[in-house]
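Down below is the structure, laid out as structure tokens.
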Amino acid sequence: MNTTPEDPEIILNVTTIDGEEHALTALPGWRAMEVIRDYGLPIKAECGGACACATCHVYVSPAWADKLVPPTSEEEDMLDEAFDVKENSRLSCQILMKPALNGLHLCLAPGSEPD
Amino acid sequence: MTNPPLYEAMPPGSHFETDVIIAGAGPVGLFAVFELGLLDLKSHLVDILDRPGGQCAELYPEKPIYDIPGIPVLTGNDLTHNLLQQIAPFNAQFHLSQMAIDLKRRDNGKWRLTTDMGTTIDAPVVVIAAGGGSFQPKKPPIPDIDAFEGTSVFYSVRNMEGFRGKNILIAGGGDSALDWSLNLHPLAKSLGLVHRRPDFRAAPDSVSKMRTLVGAGGMTLHTGQIKKLHGKEGVLKGVTMKTANGDIDVTCDILLPFFGLTMKLGPVADFGIAMENNLIPVDTEKFETSVPTIFAIGDINHYPGKLKLILSGFHEAALMAQQAFRYVHPDAKLRFQYTTSSTSLQQKLGVK
């Protein structure tokens, strides 16, 4: 997938577990997890985006919570295998990036740490 | 009508001799049996899971895979089943629910692989097809939990009797958490189940049995998440849980967290093979590691241009097998043949 100059830029802001802030450029249609992994930030994401492991657990900044497509029951089930799950917990492999999410802010959450 | 099982799992604790030991029974380890088998090399596979398939069995048994050449779509279970069918003629032996913990060279030049269940296997060639490592239970990031592991905190149940008369707390919402709640409550002094939400993903039948038991006062159900453990010197006294109504303390002697499995590199790191970023560097001609006669194929290896795809692992298995043959039969001539035309290969496959 290529961006053209006309494409609106989509920035994904990510805070790592260590508290580092990163502004990543996302492509529409990519999963937030894939963007984070592509930039080499620490995320385990071991199932590769199949909603099968809960190792891409993130907290969504409250301002963005209601702008996301709500989690499916499959994602809710998988969140049972994450830790310190909160109201704003999501699996970042289930968040598809799109122009309306420009500026989305996610914090990597317990269970997402690589070994 | 029941079909005969597609593979034979060996009981643990015995000694075996073979041509090739394959550490990991995922799709790539399974296909290695095929490629080795065509060259008349016998294989034994070791895997920590209780069934073949690796990530295909554990992570995406029901998920579609679209990039297996020639097969537009199939699930992880389908792929495992098909591979087991494909390798059935070669009678590979499986050592399941066992972790390869040690690999040492013997005086006779062969390798001896030892598992955590006391199985030993000797062979001149070893193939590491361990994917992302061993599937091991996820450990909740609760402070000081390590101090209680093995004495009060257990991630699996090996001996139910050890829990008789104890105050047991089980954490999780899947089948393991529910099944063990139902199985352990008759012998526990008290049994509690803590889960983050009122809904459970476990089998509906177990969930309804659990709710009946809770209703009858046979066990307690908490909706919350454990944040703190109490006790000292490995002896658990209780936990603090975060709930919608604030923190609560619950007394327990035993905590059993069931949060699924995750891949950890594990003892492979101590086999004496060169590693880089938890991967095993190999050449792209034979997929051999820094130690001659030890190969690494599939997701666990690394080389320039590596892609972690099942199809890459299949290719790596085929090339590995050529060199494995030269090691096992140094004086024999290796002939390249096609399954379509070779009578000898077709006899091995049992189709001629």
Per the filter on region B:102-129, residues among the aliphatic types (A, V, I, L, M) and either free of Cβ contacts under 8 Å to residues at least 24 places away in the same chain or in contact with a strand residue (DSSP E or B) (Cβ under 6 Å, 6 or more places away or on another chain) (or both) are B:Leu103, B:Leu113, B:Ile121, B:Ala123, B:Val125, B:Val126, B:Val127, B:Ile128, B:Ala129
If you take the residues in region B:159-169 that are open to solvent by 70 Å² or more (accessible area, probe 1.4 Å) and outside any helix (DSSP H, G or I), which one is nearest to B:Ile226 (Cα to Cα)?
-> B:Lys166
Residue among B:Glu58, B:Glu62, B:Glu8, B:Glu17 that alone is under 12 Å from the mean Cα position of the chain (by Cα), open to solvent by 40 Å² or more (accessible area, probe 1.4 Å) and not β-branched (Val, Ile, Thr) = B:Glu58
Of all residues making up region B:168-193, the number that are touching a residue at least 60 places away in the same chain (Cβ under 8 Å) and within 14 Å of chain A (Cβ to nearest Cβ) | 6
What residue, among those in region B:170-196 that are of a type in the set (D, E, K, R) and surrounded by fewer than 16 Cβ atoms within 10 Å (Cβ to Cβ), is nearest to A:Asn88 (Cα to Cα)?
-> B:Asp175
Please state which one of B:Pro137, B:Pro143 is open to solvent by 10 Å² or more (accessible area, probe 1.4 Å), more than 18 Å from the chain's Cα centre (by Cα) and within 14 Å of another protein chain (Cβ to nearest Cβ).
-> B:Pro143
Would you say A:Ala32 is open to solvent by less than 10 Å² (accessible area, probe 1.4 Å) and under 20 Å from A:Gly111 (Cβ atoms)?
-> yes
Within region A:60-85, how many residues turn out to be more than 14 Å from chain B (Cβ to nearest Cβ) and either on the phi > 0 side of the Ramachandran plot or open to solvent by 30 Å² or more (accessible area, probe 1.4 Å) (or both)?
-> 8
With respect to the numbered conditions (1) in contact (Cβ under 8 Å) with a residue 24 or more places away in the chain; (2) away from every other protein chain (no Cβ under 14 Å), which one is the sole condition not fulfilled by B:Glu149?
-> (1)
Which of the residues belonging to region B:252-265 are outside any strand (DSSP E or B), open to solvent by less than 30 Å² (accessible area, probe 1.4 Å) and either among the basic types (Lys, Arg) or closer than 22 Å to B:Gln55 by Cα (or both)?
-> B:Phe258, B:Gly260, B:Leu265
Selection within region B:54-75 - part of a loop (DSSP other than H, G, I, E, B) and farther than 22 Å from B:Val125 by Cα | B:Leu59, B:Tyr60, B:Pro61, B:Glu62, B:Lys63, B:Tyr66, B:Asp67, B:Pro69, B:Gly70, B:Pro72, B:Val73
Enumeration of residues in region B:235-271 that are away from chain A (no Cβ under 14 Å), out of contact with any Ser or Thr (no Cβ under 6 Å at 6 or more places or on another chain) and among the small types (Gly, Ala, Ser) = B:Gly246
Residue match in region B:43-52 (condition: touching a Leu at 6+ places or on another chain (Cβ under 6 Å), open to solvent by less than 20 Å² (accessible area, probe 1.4 Å) and farther than 21 Å from B:Gly132 by Cβ) | yes
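Okay, residues lined up against (1) buried (at least 21 other Cβ atoms within 10 Å of the Cβ); (2) within 14 Å of chain B (Cβ to nearest Cβ); (3) modelled with pLDDT under 95:
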| position | (1), (2), (3) |
| --- | --- |
| A:Thr3 | no, no, yes |
| A:Pro8 | no, no, yes |
| A:Val14 | yes, no, no |
| A:His22 | no, no, no |
| A:Thr25 | no, no, no |
| A:Ala50 | no, yes, yes |
If you scan region B:76-96, which residues turn out to be surrounded by fewer than 16 Cβ atoms within 10 Å (Cβ to Cβ) and part of a loop (DSSP other than H, G, I, E, B)?
-> B:Asn91
Positions within region B:233-251 being under 33 Å from the mean Cα position of the chain (by Cα) and surrounded by fewer than 11 Cβ atoms within 10 Å (Cβ to Cβ), in sequence order | B:Glu233
Taking region A:86-114 and keeping residues more than 14 Å from chain B (Cβ to nearest Cβ) and farther than 12 Å from A:Leu68 by Cβ leaves A:Pro99, A:Asn102, A:Gly103, A:Cys107
Please give the number of the condition B:Phe325 fails out of (1) in a loop (DSSP other than H, G, I, E, B); (2) surrounded by 14 or more Cβ atoms within 10 Å (Cβ to Cβ).
-> (1)
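The values are calculated or read from the model by the stated rules, or taken from the named source; none is laboratory data. Please read these numbers as outputs of a predicted model, since none were measured by experiment. Cβ: placed from backbone, ideal geometry, glycine included. Neighbour counts: every protein chain shown. Side chains are part of the model used for accessible areas, which takes the heavy atoms of the whole protein and leaves out ligands, DNA and RNA. Shrake-Rupley method; radii C 1.70, N 1.55, O 1.52, S 1.80 Å.
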